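Enquirer: Please find one structure pasted underneath; my questions will follow.
The values are calculated or read from the model by the stated rules, or taken from the named source; none is laboratory data. Given the structure is predicted, the values throughout are model-derived calculations rather than measurements. Note: areas computed on protein heavy atoms with side chains; ligands, DNA, RNA excluded. Shrake-Rupley method; radii C 1.70, N 1.55, O 1.52, S 1.80 Å.
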Amino acid sequence: MPSAWLATTGFVAAALGVATALPQVWRLLRTPGADGMSLPSVVLGALGTGTWLCYGLLEADPPQIVANVPGLAGAATIAVLVVRRTTTRPAHVLAAVAAWCGLVTAAWAAGGAVAVGSAATVVSLVARAPQVREVFTAPSLAAISPLSFGLSTTACTLWAVYGIGTGQVPVWASSVVAGTMSFVVCVRAMRRAPEPVARPVPYPVPRQASAEVLRLAA
């Protein structure tokens, strides 16, 4: 049983983890596309959250459960919004979910909670990598919420403290790496200069007038 301060740290991290999805969902609802969002990252992110929920249930760890039940709902919402705005077939996503179910079941059968925690670590770390690549290659990052990734960085920092304090190696190891990647995405999204917006002409210019202006200028 973790001490009072560790339990508090875990619940604060859980609250921040729940809040992480809200700015990103809001941004996607206000943005017509999914520019800058990595589809593999959002799908694997939802599956990673589900894996952590399984780990928390097996460990009977209240902060993990409190964080990942609503966290899974938020991550799944983001994944659905991004999938609907891309050309990805739903069958591909269902195949990924089926593969994930097999992975978690095999991990549980092989090593119980420890193996599931290790699987959660791997899925979470793999999930961040495509998003980091996307923010350096995508022409636009309009759909990314820097606030969301900033909250994720803070939550991962607190989870790292909680994991070290409770001796849960999968928790602190994944939190350190995932927090670093989230920080990179946050900084990159904040530093990207806003795209120029074409201003409409305040009134129509007749073609004859345009031709006359060009003739006089010549």
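Enquirer: Mind listing the phi-derived Karplus ³J(HN,Hα) values for the range 40-54, rounded to whole Hz, using 6.51, -1.76 and 1.60 with θ = phi - 60°, and x for any glycine or proline?
Expert: Along the range 40-54, the couplings run x, 5, 6, 5, 5, x, 5, 5, x, 4, x, 5, 5, 5, 4 Hz.
Enquirer: Can you check what the Kirkwood hydrodynamic radius comes to for the range 1-128, Cα pairs only, in Å to one decimal? Intermediate values should be presented prior to the final figure.
Expert: Details: mean 1/r = 0.0652 Å⁻¹.
Evaluated on the range 1-128, it is 15.3 Å.
Enquirer: Please tell me the relative contact order of the range 1-76 in percent, rounded to the nearest whole number, where contacts are Cα pairs under 8 Å and at least six residues apart.
Expert: Values: 51 pairs, mean separation 34.6, N = 76.
Relative contact order for the range 1-76 comes out at 46 percent.
Enquirer: Could you give the accessible area per residue of the chain, probe 1.4 Å, as a whole number in Å²?
Expert: Using a 1.4 Å probe on heavy atoms only, each residue of the chain averages 55 Å².
Enquirer: Could I ask something else about it? Leaving ligands, DNA and RNA out of it, rank Thr121, Thr180 by accessible area with a 1.4 Å probe, largest first. Don't skip to the answer; put the middle values down first.
Expert: Details: Thr121 20, Thr180 80 Å².
Final ranking, largest accessible area leading: Thr180, Thr121.
Enquirer: If I take the Cα coordinates of the range 80-134 and project them onto the principal axes, what are the three extents in Å, biggest first?
Expert: Sorted from largest, the Cα extents of the range 80-134 read 38, 25, 13 Å.
Enquirer: How much of the accessible area of the range 1-158, probe 1.4 Å, is carbon plus sulfur, in whole percent? Intermediate results must be reported in sequence, preceding the final value.
Expert: Values: 5470 of 7520 Å².
Ligands and nucleic acids excluded, carbon and sulfur reach 73 percent.
Enquirer: Just to confirm the number: angle between the C-alpha axis of helix 62-84 and the first principal axis of the chain, 0 to 90 degrees, nearest 10?
Expert: 30
Enquirer: Kindly state, as a whole number, the per residue volume in cubic angstrom of the convex hull around the alpha carbon atoms of the chain.
Expert: On the way: hull volume 30.7 nm³, N = 218.
Residue-normalised Cα hull volume stands at 141 Å³.
Enquirer: Would you compute, for the Cα atoms of the range 114-192, the largest minus smallest coordinate along each principal axis and list the three values in descending order, in whole Å?
Expert: The Cα atoms of the range 114-192 stretch 41, 20, 14 Å along their principal axes.
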